[in-house]
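Undergrad: Quick one: this structure, given as structure tokens, is what I'll be asking you about.
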Amino acid sequence: RYMRQIALGLEMYYDSNSSTGYPGTAGTNQWTAMETALEPTYISSVPSDPGTGGYEYWVATGNQSYVLKATLENTNNAALDDDIDAATLGATCTDPAYCIRP
């Protein structure tokens, strides 16, 4: 649920900044850059991981795509059936990592 809220905020950011694309720099986890870009204009407060895994945000070279990653504590969560499972943009997305992209 949190990842979808963040994705919506990123899409609103992109719509307003389509000439520069999504926030951040390719090659490393850009969670802090993404938080700074979204709060408070596009999302009042970017959720933090309630567990111990930590969320990640990876942006593509050219800033035209991204991957959001959360490590799920419940390895049988049905959400893992429909997410990205291959390494993408620097994020390791094998289960129990839940990864989405636009």
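The values are calculated or read from the model by the stated rules, or taken from the named source; none is laboratory data. Owing to the predicted nature of the structure, the values given are computational and were not obtained by experimental measurement. Positions of Cβ are backbone-derived with ideal geometry, glycine not excepted, and every protein chain shown enters the neighbour counts. Please note that ligands, DNA and RNA were not included when accessible areas were found on the heavy atoms of the full protein model with its side chains. Shrake-Rupley method; radii C 1.70, N 1.55, O 1.52, S 1.80 Å.
Undergrad: What are the pairs with Cβ atoms under 8 angstrom where one residue, in region 22-35, is surrounded by fewer than 21 Cβ atoms within 10 Å (Cβ to Cβ) and the other, located anywhere, is of a type in the set (D, E)? Sequence gap at least six, or different chains.
TA: Once the first residue is surrounded by fewer than 21 Cβ atoms within 10 Å (Cβ to Cβ) and sits in region 22-35, its partners that are of a type in the set (D, E) give N29/E56; W31/E56.
Undergrad: Here is a further query. Of the conditions (1) part of a loop (DSSP other than H, G, I, E, B); (2) over 23 Å from T94 (Cβ atoms); (3) acidic (D, E), E11 satisfies every one except a single condition; which number is it?
TA: (1)
Undergrad: Can you tell me how many residues within region 45-102 are of a type in the set (V, I, T) and in contact with a Pro (Cβ under 9 Å, 6 or more places away or on another chain)?
TA: 3
Let's see how each residue does on (1) over 13 Å from the mean Cα position of the chain (by Cα); (2) at pLDDT below 95; (3) within 16 Å of M3 (Cα to Cα):
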residue: S18; (1), (2), (3): yes, yes, no
residue: L38; (1), (2), (3): no, no, yes
residue: P47; (1), (2), (3): no, yes, yes
residue: G53; (1), (2), (3): yes, yes, yes
residue: T71; (1), (2), (3): no, yes, yes
residue: T75; (1), (2), (3): yes, yes, no
residue: A79; (1), (2), (3): yes, yes, yes
residue: I84; (1), (2), (3): no, yes, yes
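Undergrad: In region 4-21, which residue that is open to solvent by less than 50 Å² (accessible area, probe 1.4 Å) and out of contact with any Phe, Trp or Tyr (no Cβ under 7 Å at 6 or more places or on another chain) is farthest from Y55 (Cα to Cα)?
TA: N17
Undergrad: Say we look at region 36-47 and pick out the residues that are out of contact with any Asp or Glu (no Cβ under 6 Å at 6 or more places or on another chain) and either of a type in the set (A, V, I, L, M, F, W, C) or under 21 Å from G62 (Cβ atoms) (or both); which of these is most open to solvent (accessible area, probe 1.4 Å)?
TA: Result: T36.
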